[in-house]
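Q: Sending over a structure as structure tokens; questions will come in a sec.
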Amino acid sequence: MNKFTFSYPTKVYFGEGSAAQALEAELGRVGKTVMLAYGGGSIKKNGVYDEMKALLERAGKKVVDFDRIMSNPTYTKVQEGAALARGQHVDFILAVGGGSVIDCCKVISAQAMLDEDIWNMEYVKGKFPTAGIPMGAVVTASGTGAEMNAGAVITYEEKIWKGPIFGIAASFAVLDPAYTMSVPPMQVLSGAFDTLSHAMETYLGNSDQDNVSDDVALAIMRNTVVNMRRLLENIDDCQARSNLMWDSAMAENGILKCGRLTDFQAHQIEHQLGAYTDCNHGQGLAVIHPAYYRHIVKDAPDKFSRFAKVVFGVDTAEEGVDALENFIKECGLPTKMSQLKSTVEITPEVLRQVADTCNIIKCNPRELSRDEIYEILMECL
Ligand code: NZQ
Ligand code: ZN
């Protein structure tokens, strides 16, 4: 094991009725004005908005709405939220949504307390936030695990860049699988594939020692595949959604990363693909993963064959990659760029730009050149 420090900043309330339990327990500790932050309106249709608002009002809070946080949240939206939080003297942020809402709020929380631009602070000065407006997260669409970490993924439109910005982690998270029941089936599977990707990307980091984290990562992968298959049988299987919700949190709360290096090259490519196309995160990953793994399978043969056996019950490393691709097809997730919903036509020129601007990871099985990333992307066209 490599040296590490580990702590959980986020208290988790899991299961039916946990929002009421969490808000009753936590709201006494926070000030009067609460920003209720959400996305494009799904929580108004499924009743979660009314439930949250009633719980906040019952606790005597003044509620300030911040809505229309888009999928792949933008830097402009972060600044809009931070300005509102400052202007309204917000004491607490309640983020209610999927990864996009939670990520946007984690950075709003930090930006609202800073007198400088957070992107500049992190990317130019190399400084990271240490304080923010306290926040809680109510997860309505699982997959990213954003509710249990401080990192956010934000699209900076002017720079045509999508990447990490560190914000402030939620002090508590509500994970009630019932809230995910209205998520459209394709989003449920895309989110779950994101979870699978997080565990695969962590496991495939270039760690040359036996590591208990690898065993945990493989268990999360296997459980995610099993429960995605249960959803293919019955999309309303609440037990399967419960397992996936906890898989999602486990995959990105840092526990799998203890004592090891991580890969995350597929994520770096997908994030830049997202910057150019605004595509769905989990679906972009589904397209990229098999092509990327075919390129690196010979660089980590033992890891890939263990993955093949444990997750898909097949013998060889190469069969494992084929099984992953077949599983993506079985789920009805996209396997080609042309199947992604995109704001622009995905041409070789766009893919060249993605390859030329994405981050390159150095602790994966083999560091890729920009030309090889372009080759991988072209194989997905
Ligand atoms: O906006 P609304 O109307 O709420 O609709 C959303 C959105 O259209 C809908 N939805 C959410 N809950 C629902 C629901 N629809 C019906 N019923 C409900 N209960 O789902 C759609 C997708 O939501 P979104 O939050 O965009 O999806 P996801 O959770 O997959 O988050 C994606 C974002 O997270 C980032 C991604 O890059 C992307 O920007 N990630 C964040 C990570 C992190 N912080 O650790 C790690 C990930 O690797 C990822 O990069
Ligand atoms: Zn992801």
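Please treat every number below as a calculation from the coordinates, not as lab data. Just so you know, these numbers come straight off a predicted model, no measurement behind them. Every residue, glycine as well, gets a Cβ built from its backbone with ideal geometry; the counts of neighbours run over all protein chains shown.
Q: Convert each backbone phi in region 29-41 into a coupling constant with the Karplus relation 6.51 cos²θ - 1.76 cosθ + 1.60 (shift: θ = phi - 60°), then list the ³J(HN,Hα) values in order as whole Hz, x for Gly and Pro.
A: 7, 10, x, 6, 9, 10, 8, 9, 10, 7, x, x, x
Q: Give the distance, in whole Å, between the Cα centre of region 102-143 and the Cα centre of region 253-330.
A: Between the Cα centres of region 102-143 and region 253-330 lies a distance of 28 Å.
Q: Quick one: Cα convex hull volume of region 333-373, Å³ per residue?
A: Here the figure is 103 Å³ per residue.
Q: Give me Rg/Rg_expected for region 184-238, where Rg uses Cα atoms only and Rg_expected = 2.2 N^0.38 Å with N residues.
A: 1.30
Q: While we're here: Within 10 Å of each residue's Cβ, count the other Cβ atoms and sort 166, 66 from fewest upward.
A: Working: 166 18, 66 23.
The order, fewest Cβ neighbours first, is 166, 66.
Q: Now a separate question. Go through region 290-298 residue by residue and turn each phi into a ³J(HN,Hα) via Karplus (6.51, -1.76, 1.60, θ = phi - 60°); whole Hz please, and just put x for glycine and proline.
A: x, 5, 4, 5, 4, 6, 10, 4, 7
Q: Can I ask one more? Kindly put 181, 337 in sequence by how many other C-beta atoms sit within 10 Å of each C-beta, fewest to most.
A: 181, 337
Q: Using label points projected 7 Å from each Cα along Cα→Cβ, tell me how many nm separate residue 356 and residue 302, to one decimal.
A: Inter-label distance under the simple model: 4.0 nm.
Q: Can you flag which of 77/362; 11/303; 45/329; 44/77; 159/257 are past 28 Å Cα-Cα?
A: From 77/362; 11/303; 45/329; 44/77; 159/257, over 28 Å: 77/362; 11/303; 45/329; 159/257.
Q: Another question, if that's okay. Ranked from highest to lowest mean number of other Cβ atoms within 10 Å per residue, what is the order of the peptides 345-356, 98-109, 282-293, 222-233?
A: The densest-packed peptide leads the list: 98-109, 282-293, 222-233, 345-356.
Q: Here's a follow-up. How big is D, in µm² s⁻¹, for region 11-179 by Stokes-Einstein at 4 °C and 1.567 mPa s if Rh is the Kirkwood radius over C-alpha pairs?
A: Calculated translational D: 83 µm²/s.
Q: Out of every Cα-Cα pair in the chain, what percent are more than 37 Å apart?
A: Roughly 17 percent, rounded to a whole number.
Q: Going by C-beta contacts inside 10 Å, put 244, 36, 114 in order with the fewest on the left.
A: In increasing order of surrounding Cβ atoms, one gets 114, 36, 244.
Q: Taking the alpha-carbon distance from residue 32 and a cut-off under 18 Å, which lysines remain once sequence neighbours fewer than 8 residues away in the same chain are dropped?
A: The qualifying lysines are 53, 61, 62.
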